[in-house]
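Novice: This is the structure I want to talk about, given as structure tokens.
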Amino acid sequence: ATTMKKSPSGPKLVRTASQKELLELLEKVDKPRARLSSHGDLSKLSAGEQQVADTLWSLMPSRLSSDPDDLKKEIVRHVEYSLAKTRFNFNSYHAYQATALTVRDFLMEQFNDTNMLYQHKQVRRIYYLSLEFLMGRTLNNAVMNLGISHEMTKALGDLGYELEDLRDEERDAALGNGGLGRLAACFMDSLATLNLPAWGYGLRYTYGMFEQRILNGQQVELPDCWLTYGNPWEIQRLDIQYPVRFYGSIEQKRIGEAEFEWTGGEVVM
């Protein structure tokens with residue numbers, strides 16, 4: 001059976017049930033939710049894979065705690081182990097990075113569990129493609145959507161920082177120039193609000209939005225180097241590549257059939 005374990009941040013769901021019971025429970029509860037396996041369907045695993053999955057599951061029995069004291073520990077852990085910083089070379093931007101990485105851990109839990117549920121249910125997904133996405137700053141949006149604004153404010157306050165100040169340390173993701181990017185962001189927010197299984201795909205521009213400055217009384221447009229210090233919200237997947245073809249021509253594969261092939265040109269991975 002699934003049991004409840006008390007903690008300072010409230011009850012936690014602990015995995016002691018079968019996967020079927022957990023999937024049924026996941027659909028009924030809101031927060032906190034039981035963790036799903038890293039595999040969508042355990043029935044398709046071999047005996048060895050099943051044992052590995054059970055071992056991984058036992059090491060992740062419950063969700064991360066949103067208790068302020070636990071949040072402080074997570075932030076400090078990222079300061080030392082993710083950023084390799086100490087008290088002697090640490091500033092407010094590093095505090096933002098550590099906070100962002102802590103919040104990202106919460107997002108990854110829900111991201112993985114949601115994907116596993118979709119995989120188990122074999123749901124149809126929506127893929128929204130846009131040349132631009134202007135999502136705004138992620139930290140404030142994620143903290144509010146996770147429902148941990150009060151806890152995070154308390155944790156950062158105990159560490160000597162204000163959440164409002166750290167929000168200003170984040171650079172806007174420069175992935176567009178105007179209305180199209182903002183409209184695409186609104187679509188993604190609406191899809192998430194409606195709880196629809198949707199993905200947004202776009203381009204990761206290095207200099208997507210120009211930066212305005214006044215020099216000698218004149219407006220000057222410069223590249224927005226928003227990735228100068230990296231982006232803590234990204235997860236680089238070097239093992240995934242897709243070929244993108246430029247130029248070339250379209251050729252009909254068989255005469256009389258509506259089947260064509262894009263050939264020639266240049267292929268970039």
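Novice: Can you tell me which of (1) open to solvent by less than 70 Å² (accessible area, probe 1.4 Å); (2) at positive phi; (3) among the hydrophobic types (A, V, I, L, M, F, W, C) is the one PHE90 doesn't meet?
Specialist: For PHE90, the exception is condition (2).
Novice: Which one of ALA84, ALA155 is more than 28 Å from ASN195 (Cα to Cα), out of contact with any Cys (no Cβ under 7 Å at 6 or more places or on another chain) and open to solvent by 50 Å² or more (accessible area, probe 1.4 Å)?
Specialist: One residue alone meets the criteria, ALA84.
Novice: Across segment 217-228, which residue is most open to solvent (accessible area, probe 1.4 Å) among those that are under 26 Å from MET135 (Cα atoms) and among the polar types (S, T, N, Q)?
Specialist: Applying the filter and picking the extreme gives GLN219.
Novice: Write out, first by first residue and then by second, each pair whose Cβ atoms fall under 6 Å of each other, whose residues are 6+ apart or on separate chains, and whose first residue, in segment 225-242, is in a loop (DSSP other than H, G, I, E, B) while the second is open to solvent by 80 Å² or more (accessible area, probe 1.4 Å).
Specialist: Every condition considered, the pairs that remain are TRP226/ARG171; GLN241/MET269.
Novice: Also: When you scan segment 165-209, how many residues do you find that are closer than 18 Å to ASN141 by Cα and out of contact with any helix residue (DSSP H, G or I) (no Cβ under 6 Å at 6 or more places or on another chain)?
Specialist: Final tally of qualifying residues: 23.
Novice: I've got another one for you. For the structure I just gave you, tell me whether GLU80 is under 20 Å from GLY157 (Cα atoms) and assigned to a helix (DSSP H, G or I).
Specialist: The answer is yes for GLU80.
Novice: Only one of these is over 18 Å from the mean Cα position of the chain (by Cα) and within 26 Å of ALA98 (Cα to Cα): GLY179, GLY208, GLY217, GLY136. Name it.
Specialist: After ruling out the rest, the residue left standing is GLY208.
Novice: Something else: Residues of segment 243-256 being under 27 Å from GLU132 (Cβ atoms) and either part of a strand (DSSP E or B) or out of contact with any strand residue (DSSP E or B) (no Cβ under 8 Å at 6 or more places or on another chain) (or both), which ones?
Specialist: Passing the criteria: VAL244, ARG245, PHE246, ILE250.
Novice: Of all residues in segment 173-216 being assigned to a helix (DSSP H, G or I) and more than 13 Å from LEU129 (Cα to Cα), which is least open to solvent (accessible area, probe 1.4 Å)?
Specialist: Only one residue tops the list, namely LEU191.
Novice: Something else about it: When only residues in segment 257-269 that are part of a loop (DSSP other than H, G, I, E, B) and surrounded by 10 or more Cβ atoms within 10 Å (Cβ to Cβ) count, which is farthest from the chain's Cα centre (by Cα)?
Specialist: The extreme case among them is GLY264.
Novice: So which residues in segment 108-121 are open to solvent by less than 60 Å² (accessible area, probe 1.4 Å) and under 18 Å from MET60 (Cα atoms), if there are any at all?
Specialist: Selection gives MET108, GLU109, ASP113, THR114, ASN115, MET116, LEU117.
Novice: Looking at segment 122-137, which of its residues are in contact with a helix residue (DSSP H, G or I) (Cβ under 8 Å, 6 or more places away or on another chain) and either open to solvent by 50 Å² or more (accessible area, probe 1.4 Å) or over 20 Å from GLY178 (Cα atoms) (or both)?
Specialist: ARG125, ILE126, TYR128, LEU131, MET135, ARG137
Novice: Out of the helices (runs of 4 or more DSSP H) lying entirely within segment 121-172, which hold 2 or more residues that are touching a residue at least 24 places away in the same chain (Cβ under 8 Å) and over 14 Å from LEU71 (Cβ atoms)?
Specialist: In segment 121-172, 138-146, 163-167 are the helices (runs of 4 or more DSSP H) which contain 2 or more residues that are touching a residue at least 24 places away in the same chain (Cβ under 8 Å) and over 14 Å from LEU71 (Cβ atoms).
The values are calculated or read from the model by the stated rules, or taken from the named source; none is laboratory data. These numbers were taken from a predicted model, which means no experiment stands behind them. Note that each Cβ is placed from the backbone with ideal geometry, even for glycine, and that neighbours are counted across all protein chains shown. These area figures cover heavy atoms from the full protein model, side chains too; ligands, DNA and RNA do not enter into them. Shrake-Rupley method; radii C 1.70, N 1.55, O 1.52, S 1.80 Å.
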